[in-house]
Every structure is written in structure tokens, then in C-alpha cells.
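The structure appears right after this line, and notes come after that.
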Amino acid sequence: MREVVRRYGVALTGYMVLACLAWTLGLIVLPELMMVDYSFRPNLLFVEIGGPKDVHTLANYETLWRNTIHLSIFFKTIWGSALVTVVTLVMCYPLAYFLGQVVAADRLSTYLLMLVVPFWINEILRTFAWFIILAYQGPLNALLLWLGLTAEPIRFMSGDGGVVLGMAYAYLLFMVFPLYNAIETLDHNQIEAARDLGAPTWRIHWRVVVPHAKPGIAVGCIMVFMLTASSYAVPAILGGPSSRWFTQIIYDWFFEGQNWNQGSAYAFILLLLCIGFILVMMRLFKVGLADIAK
Amino acid sequence: MRFGEVTAVRDVTLGIRAGEFFSFLGPSGCGKTTLLRLISGFMEPTEGVIRIGGRDMRGIGPNKRPTALIFQNLALFPLMTVAENIAFGLEVRGVDKETRRKKALELLELVAMPEAVDRKISQLSGGQRQRVAVARALAVEPKVMLLDEPLSALDLKLRQHMRAELRAIQRRTGVTFVYITHDQGEALTMSDRVAVMSRGVIQQVGDSAAIYDRPATPFVASFVGENNWLFGTVRNVAGGHAVVDTPFGPLRGRAGPGVAAGGKAILFVRPERLTLVDGGATGPDGLNRLEAAVSHADFEGNFANIFFSGAPGRRDIVLQLTNDGAIPNLSAGTRRRLAFQPDHAVVLPEGELASE
């Protein structure tokens with residue numbers, strides 16, 4: 001802190017601190033606290049707020065356990081998010097390794113640019129692009145039919161296939177970059193040393209590359225899981241009626257049912273789930289908060 | 001070995017004997033690292049063949065060759081313990097845990113570090129890491145150990161200690177060592193034979209005495225050790241000696257390969273072979289004489305280097321005197337006579353010299 005004041009002077013530092021504080025408090029902390037407070041209160045008519053019926057209760061949280069449909073969707077969301085995380089990890093590891101260790105330095109920026117450019121387009125639009133590609137009469141089915149791989153078109157978007165694919169794609173960069181950063185710092189000589197000692201490729205990855213990339217893997221998984229569990233647009237667009245996502249239920253409570261209290265409770269449960277996942281990952285991979293922040 | 005337009009190594013025909021400690025000596029960029037990577041299998045030669053134990057190594061990758069490479073920065077695995085590092089090659093070959101640990105301990109005994117078996121790499125000093133790297137390479141029982149300037153990152157005292165250690169390990173295990181370095185002290189003290197390289201070409205192969213006392217090319221004469229260069233034209237060649245007309249007068253030395261009358265040549269004489277004398281132009285004992293003015297002197301502890309102004313446009317002539325307590329105090333500008341024996345000097349045709 002002293003360093004910052006020394007570099008920028010008291011006034012500027014004061015402004016920076018105040019601005020951050022105002023932003024964090026006003027836009028994040030206070031709304032969250034309000035929401036948590038809402039979640040403990042029953043859904044009352046406007047006139048009854050402040051009256052005798054306005055008590056703190058756990059009723060909103062109980063609704064989830066009693067409602068089997070919502071509960072099953074909740075667990076499906078957890079399972080789906082975990083699946084997307086694993087799929088994204090498997091897809092991105094070879095890519096990150098290729099970028100971090102194989103590509104020559106002068107070609108690297110070209111590849112990174114190619115990777116990043118599609119993400120300049122809005123997430124919703126990209127999801128709609130997948131909607132078109134995966135449609136029953138869309139280009140992917142046309143290609144499969146033309147290649148003779150299937151006899152009739154596949155319904156990608158009824159069920160979870162489309163959603164998983166769409167989300168794995170949407171949050172790809174959040175997995176690639178932490179992985180790439182971690183793998184890039186690996187001394188290439190170690191890979192060569194392992195090979196020189198006789199190791200086949202899989203063992204080099206298993207014993208040398210993956211242990212080194214562990215912080216990157218942890219960060220990537222955390223990011224993707226959190227984003228997936230709280231994703232609204234992608235499941236809404238790419239999911240059929242049988243694959244509703246927990247976020248859609250929260251949305252419904254707020255906007256269809258006008259029950260902000262219930263919605264807040266559900267949202268808070270989702271938040272707890274994500275925090276829980278982060279803590280588990282941190283324990284499992286032995287990563288600290290500082291590593292994740294980096 | 002060609003990379004596009006650049007030929008990194010050319011026309012190397014060389015046999016390294018089993019059980020030999022062989023060094024490649026040369027400045028950076030001379031191609032010695034390329035050679036090492038070719039032998040270890042990380043590169044395939046664009047022309048030519050590499051044979052180990054009589055077997056053609058073409059198409060055989062580094063993990064299948066009977067070689068073990070020790071990298072310049074050692075490349076130990078930081079996330080594994082010392083024992084795991086050493087046993088890695090065995091782990092790859094499917095050896096069971098107990099035998100691996102036993103072998104690791106044996107090798108640690110060999111490099112005199114048995115107590116470090118479960119330590120992390122980050123807890124080791126530079127010299128200790130060196131020894132772990134050597135043990136790791138020996139674990140796979142290679143036919144040839146390849147060492148890429150392993151001592152360059154160590155300080156002087158440690159380097160000298162490790163030189164002796166590596167030599168001892170090589171003798172004890174009998175494995176062929178191929179060592180590359182730009183430090184000629186290392187190459188000369190450790191090796192059975194040395195190949196001096198410059199710009200991708202091997203200049204000379206021989207044992208330490210041959211390289212030092214009987215250089216075959218001006219590069220070898222100027223790169224290995226300190227040497228004085230006296231330029232001139234050859235007057236005549238007779239009985240294995242050549243007389244060269246230099247700005248200091250005619251001087252006689254042993255004739256090296258390729259010296260012919262009338263050709264341009266360089267006479268090389270080592271600073272420690274020069275002596276200060278009083279007296280005439282050429283002594284009756286056949287000693288060469290040259291007269292020069294003192295430029296400056298460097299006192300280095302166990303010896304002193306006295307610099308004399310050389311021919312115009314050429315470097316100083318250096319005289320090295322051992323500190324026997326009687327080093328004369330010579331002021332700049334003093335003219336003195338230097339002498340040397342003809343057999344202590346080598347005459348070679350003008351050619352590439354080591355850069356300063």
C-alpha cells in the first residue's frame with residue numbers, strides 16, 4: 001500500500017481505493033446482501049412488508065428439498081457442469097500443450113489470434129450459431145448424411161448433447177488460457193530429458209507435464225464449472241424442454257412467478273454450490289487463492 | 001548437418017573409442033551442441049551416418065538410443081524427489097518400486113550423496129544437482145554419456161572439484177563420455193582425447209599434449225591456452241624447422257603441416273616459453289631473439305604477465321613469468337630482449353585464428 005501511495009501520490013491512490021470500494025460495495029456486496037436477506041423472508045404483498053407477517057424464515061430454502069423436480073434439475077445441473085468441465089479439459093489440454101510447447105514463438109501470436117477472434121462476437125450470437133449448426137435440418141446433419149455416417153439426421157438439441165457442446169465451446173478460452181499459461185512455463189528441456197531417458201509420450205505427460213500444469217488445470221476447471229453452472233443463455237437456446245438448467249428455474253421464480261424471495265434463495269444455493277466446488281478443487285489440487293488470482 | 005542455408009557441422013569423420021573420455025572444444029556457435037544433439041537423436045543428420053556400437057542410428061529416436069544426455073541446465077524434475085529423479089529411467093522401463101529405490105541409493109553412493117535420497121531438488125546446491133543429473137543418466141546404463149557444458153554455471157572452485165569428480169566417475173564406471181565445452185582447461189584436464197572445433201569443422205583431434213604443444217592449425221594454436229602470434233613470410237624450411245621473416249627479424253620454429261617457403265605464416269610461441277635475456281641478436285645456442293618495448297604488466301598472484309608492444313597493428317607480445325619472488329619491475333617503454341627455443345615455437349600457414 002505504501003508503495004502505491006509513493007508511486008501515485010495520496011490523492012490518486014485515495015481515489016483508486018474509494019472507487020474500487022464503491023464499486024465493490026455498491027454493485028456487488030450490497031445487492032448480494034439484499035438478496036440474501038430477501039431469501040430469508042416470505043413473499044409478501046407490498047403492503048404487508050414491514051408488518052407482522054414479515055419474519056425471517058427458512059421456508060424458501062425448504063421448497064427446494066420438497067420439490068422433486070427442482071431438486072432433480074439441481075443435481076442435473078451439477079452433473080452437467082461437471083461433464084462440461086471434463087469435456088472442456090480434455091479438448092483444451094492438447095490445444096494448450098500445442099500452443100505452449102510445440103508452436104514456434106513467431107507463429108504463436110497468429111494461433112492465439114485465430115483462437116480469440118471468434119470470441120469477439122457476443123456469446124448469445126455464437127450460441128445461436130451453434131443452434132443453426134445443430135438444427136435437425138442444419139449443416140452438421142447434412143454433412144453426416146452426405147458422408148454416410150448416419151442414416152437419418154440426429155436430434156442434437158433434444159437432450160443434453162447440444163447444451164454440453166455449446167457450453168464447452170462457449171467457455172473454451174477460460175480453460176485454454178490458464179492451461180496455456182501453466183504449460184508455457186515448463187522448461188522444454190525437462191520434456192527432452194524425460195524422452196532421452198526413454199519415456200514414451202504418454203508418460204512424459206503423466207509424470208512431467210500434467211504435474212506442472214496442475215494449477216492451470218485447477219483454475220480452468222473452476223472457471224468453467226462456475227460459468228457453466230450459472231449459465232443462462234446457452235441452455236435456454238440450445239436445450240430442449242427435457243434439459244432445463246437450474247438457472248432457468250431461478251429466472252422463472254423471478255420473472256414468471258414474481259417471487260423474488262424464492263428466487264433469491266435458489267440463487268444463493270447455487271452460489272454456495274460454486275463456492276463449495278472451488279474449495280474442493282483447491283484442496284484436491286493443492287492450489288492457493290493467490291495461484292487462482294494469477 | 002544443414003539448416004536451410006546454414007551448414008552447422010560439416011565433414012566430420014570421427015571415431016570415439018569405447019570407455020574414452022572425449023571432449024569437443026570450441027567457441028559458441030562452432031557446432032558442438034549440434035553434434036551432441038545429432039548423437040543423442042534429437043536431430044537427424046541431413047547427410048551422413050552415426051553409428052553407436054556398430055549399429056546405424058538412423059531413424060532411432062532419443063528414447064531408444066543407448067545414450068543419456070546431461071543438459072546444460074540439468075533439467076532435473078523439480079516436482080520429484082532426488083530418488084524419483086534418478087529412478088525415472090527405470091520407472092519408464094517398468095522396474096518395480098523396491099529395485100528402483102535400491103538402484104537410486106547405489107548411484108547416490110557412487111556420486112557420494114546417499115543422504116540426499118528423499119530431498120526435493122530445490123533443496124540442493126549447484127554441485128549436488130550436477131551429481132544428481134549424472135546419477136540419473138547413469139541409471140539407464142547408457143553406452144554413451146553426453147554432457148553439454150555441465151559445469152558452466154558453477155563457480156571456479158566448484159568447477160575444479162567437479163572436474164575431478166566427473167573424471168573419477170567416468171573411470172569407475174567405464175562409460176564412454178562425450179563432453180562439450182568452450183573451456184579448454186576443462187577439456188585438457190579431463191579428457192583422453194580432444195577435438196577442437198570452429199565453425200562446424202573439426203580442426204584437430206588428439207590428446208591434451210598434442211593439442212597444446214603440436215597444434216595443427218592456427219585456430220587450435222590460438223584457441224587453446226595463451227599464445228603469441230608473430231606474422232611473417234617463410235624464408236625456408238629444413239629439417240622439420242622453418243625460418244620466418246618477421247618485423248622482429250628472422251625467427252625459427254618447428255614447421256607445422258602445410259608450411260612452404262615463400263608462403264605467409266604465423267609463428268606461435270607460448271608466453272611461458274619466453275625468457276628475458278641480455279645479449280646479441282641470435283645466441284650461439286640457436287635461441288631466437290626479439291627486442292620489444294614494455295607496454296604494461298598484470299600481476300596475477302602465482303604468475304605475472306608482462307605485455308610488450310607487438311608489430312604495428314598487431315596484438316601485444318606476452319611474457320609469462322612464474323612468481324619466484326624475483327619478478328623484475330619494468331616500467332612502460334623499457335626495451336628488453338626476449339628469447340625462446342626453436343623447438344618451443346610452431347610455425348603454421350596463415351589461417352583462421354580464435355577471436356579475442
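The values are calculated or read from the model by the stated rules, or taken from the named source; none is laboratory data. Source: prediction; values computed, not measured. Here Cβ is always computed from backbone atoms with ideal geometry, including for glycine, and neighbour counts include all displayed protein chains. Side chains included, ligands, DNA and RNA excluded: accessible areas come from the protein's heavy atoms. Shrake-Rupley method; radii C 1.70, N 1.55, O 1.52, S 1.80 Å.
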Practice problem: May I ask you to verify whether B:LEU76 is out of contact with any Gly (no Cβ under 9 Å at 6 or more places or on another chain), at pLDDT 90 or above and either more than 30 Å from B:SER355 (Cβ to Cβ) or assigned to a loop (DSSP other than H, G, I, E, B) (or both)? | Solution: yes
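Looking at A:ILE249, A:ILE269, which one is part of a helix (DSSP H, G or I), open to solvent by less than 10 Å² (accessible area, probe 1.4 Å) and closer than 25 Å to A:GLU32 by Cβ? Full working, then the answer.
Values: A:ILE269 fails: open to solvent by less than 10 Å² (accessible area, probe 1.4 Å).
Of the residues listed, the single one that is part of a helix (DSSP H, G or I), open to solvent by less than 10 Å² (accessible area, probe 1.4 Å) and closer than 25 Å to A:GLU32 by Cβ is A:ILE249.
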Counting only residues in the range B:140-175 that are open to solvent by less than 50 Å² (accessible area, probe 1.4 Å) and of a type in the set (Asp, Glu), the one modelled with the lowest pLDDT is identified as B:GLU165
Within the range B:300-313, of all residues that are open to solvent by 30 Å² or more (accessible area, probe 1.4 Å) and not polar (S, T, N, Q), the one farthest from B:LEU276 (Cα to Cα) is B:GLY313
Return yes or no: is B:ASP316 open to solvent by 20 Å² or more (accessible area, probe 1.4 Å) and under 25 Å from the mean Cα position of the chain (by Cα)?
yes
Can you find a residue that is in contact (Cβ under 8 Å) with a residue 60 or more places away in the chain, open to solvent by 10 Å² or more (accessible area, probe 1.4 Å), in contact with a Ser or Thr (Cβ under 8 Å, 6 or more places away or on another chain) and of a type in the set (Lys, Arg) anywhere in the range B:251-259?
no
Worksheet item: Can you find a residue in the range B:99-111 that is surrounded by fewer than 21 Cβ atoms within 10 Å (Cβ to Cβ) and not in a helix (DSSP H, G or I)?
Response: no
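In this structure, is B:THR33 touching an Asp or Glu at 6+ places or on another chain (Cβ under 7 Å) and more than 9 Å from chain A (Cβ to nearest Cβ)?
Details: touching an Asp or Glu at 6+ places or on another chain (Cβ under 7 Å): yes; more than 9 Å from chain A (Cβ to nearest Cβ): yes.
Against the criterion (touching an Asp or Glu at 6+ places or on another chain (Cβ under 7 Å) and more than 9 Å from chain A (Cβ to nearest Cβ)), B:THR33 qualifies.
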Scanning the range B:97-131 for residues that are without any contact (Cβ under 8 Å) to a residue 40 or more places away in the chain and of a type in the set (Ser, Thr, Tyr), the one nearest to the other protein chains (Cβ to nearest Cβ) turns out to be B:THR99
Within the range B:57-96, restricting to residues that are at the interface with another protein chain (Cβ under 8 Å from one of its Cβ atoms) and among the basic types (Lys, Arg), the one that is nearest to B:ILE121 (Cα to Cα) is B:ARG93
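For the range A:177-203, enumerate the residues that are hydrophobic (A, V, I, L, M, F, W, C), in contact with a helix residue (DSSP H, G or I) (Cβ under 9 Å, 6 or more places away or on another chain) and either open to solvent by 40 Å² or more (accessible area, probe 1.4 Å) or more than 9 Å from every other protein chain (Cβ to nearest Cβ) (or both). Reasoning before the result, please.
Let us first name the residues in the range A:177-203 that are hydrophobic (A, V, I, L, M, F, W, C), namely A:177, A:179, A:182-183, A:186, A:191, A:193-194, A:197, A:199, A:202.
Adding the requirement that they be in contact with a helix residue (DSSP H, G or I) (Cβ under 9 Å, 6 or more places away or on another chain) leaves A:177, A:179, A:182-183, A:186, A:191, A:193-194, A:197, A:199.
Matches in the range A:177-203: A:PHE177, A:LEU179, A:ALA182, A:ILE183, A:LEU186.
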B:SER222 vs (1) crowded, with 18+ Cβ neighbours inside 10 Å; (2) in a strand (DSSP E or B): all pass except (2)
Of the residues in the range B:176-190, those that are farther than 14 Å from B:VAL220 by Cα, open to solvent by 10 Å² or more (accessible area, probe 1.4 Å) and in contact with a helix residue (DSSP H, G or I) (Cβ under 7 Å, 6 or more places away or on another chain) come to B:THR189
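Looking at B:ASP343, B:ASP324, can you tell me which residue is open to solvent by 60 Å² or more (accessible area, probe 1.4 Å) and modelled with pLDDT under 85? Spell out how you get there, then give the answer.
Numbers: B:ASP343 fails: modelled with pLDDT under 85.
Checking each option against the conditions leaves just B:ASP324.
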Flagged pairs (Cβ under 6 angstrom, 6 or more apart or on separate chains; first in the range A:212-239, within 14 Å of chain B (Cβ to nearest Cβ); second outside any helix (DSSP H, G or I)) are A:HIS212/A:LEU186; A:PRO215/A:VAL287
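When you check B:SER122 against the structure, is it surrounded by fewer than 20 Cβ atoms within 10 Å (Cβ to Cβ), of a type in the set (Gly, Ala, Ser) and part of a helix (DSSP H, G or I), yes or no? Spell out how you get there, then give the answer.
Numbers: surrounded by fewer than 20 Cβ atoms within 10 Å (Cβ to Cβ): yes; of a type in the set (Gly, Ala, Ser): yes; part of a helix (DSSP H, G or I): yes.
For B:SER122, the condition - surrounded by fewer than 20 Cβ atoms within 10 Å (Cβ to Cβ), of a type in the set (Gly, Ala, Ser) and part of a helix (DSSP H, G or I) - is met.
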